[in-house]
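Report on the structure given below.
The values are calculated or read from the model by the stated rules, or taken from the named source; none is laboratory data. If you're wondering where the values come from, they're calculated on a predicted model, not measured in any experiment. We place every Cβ from the backbone using ideal geometry, glycine too, and count neighbours over all the protein chains shown.
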């Protein structure tokens with residue numbers, strides 16, 4: 001799943017980090033998991049995480065045995081809304097082509 005459209009106007013690495021975190025919105029990800037999901041240098045990932053945290057798009061929870069990064073709820077798209085949006089496009093195409 002991808003982050004909501006309004007959060008996609010950021011540096012590429014930041015968008016990749018958000019997308020990876022959205023896929024694991026419930027359980028979050030460790031820094032190592034983010035690094036495995038985002039194919040870029042660790043320094044770029046660190047800068048992206050810092051920017052996203054500063055903007056309130058992610059939070060960091062210190063669990064009992066590991067640190068977990070969580071994406072803010074407002075970044076995660078509503079699957080029902082996405083489905084309705086797709087239906088709107090299909091309906092528009094059907095109407096345009098007379099189907």
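Looking across the range 1-25 at every residue that is outside any helix (DSSP H, G or I) and out of contact with any strand residue (DSSP E or B) (no Cβ under 9 Å at 6 or more places or on another chain), the one that is farthest from residue 57 (Cα to Cα) is identified as 1. Only residues that are touching a strand residue (DSSP E or B) at 6+ places or on another chain (Cβ under 9 Å) and under 15 Å from residue 76 (Cα atoms) were counted in the range 40-63, giving 4.
Conditions (1) modelled with pLDDT of 75 or more; (2) closer than 24 Å to residue 15 by Cβ; (3) over 17 Å from the mean Cα position of the chain (by Cα), marked per residue:
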{"residue": "55", "(1), (2), (3)": "yes, yes, no"}
{"residue": "67", "(1), (2), (3)": "yes, yes, yes"}
{"residue": "70", "(1), (2), (3)": "yes, yes, no"}
{"residue": "77", "(1), (2), (3)": "yes, yes, no"}
{"residue": "90", "(1), (2), (3)": "no, no, yes"}
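Would you call residue 37 over 17 Å from residue 74 (Cα atoms) and without any contact (Cβ under 8 Å) to a residue 24 or more places away in the chain? Yes: the conditions hold for residue 37. Summed over the range 37-59, the residues that are farther than 20 Å from residue 26 by Cα and in contact with a helix residue (DSSP H, G or I) (Cβ under 7 Å, 6 or more places away or on another chain) give a count of 6.
Quick one: how many residues across the range 54-69 are under 22 Å from residue 19 (Cβ atoms) and not in a strand (DSSP E or B)? Count: 5.
In the range 13-34, what residues are surrounded by 13 or more Cβ atoms within 10 Å (Cβ to Cβ) and within 17 Å of residue 77 (Cβ to Cβ)? The answer is 14, 15, 16, 17, 18, 19, 20, 21, 22, 23, 24, 25.
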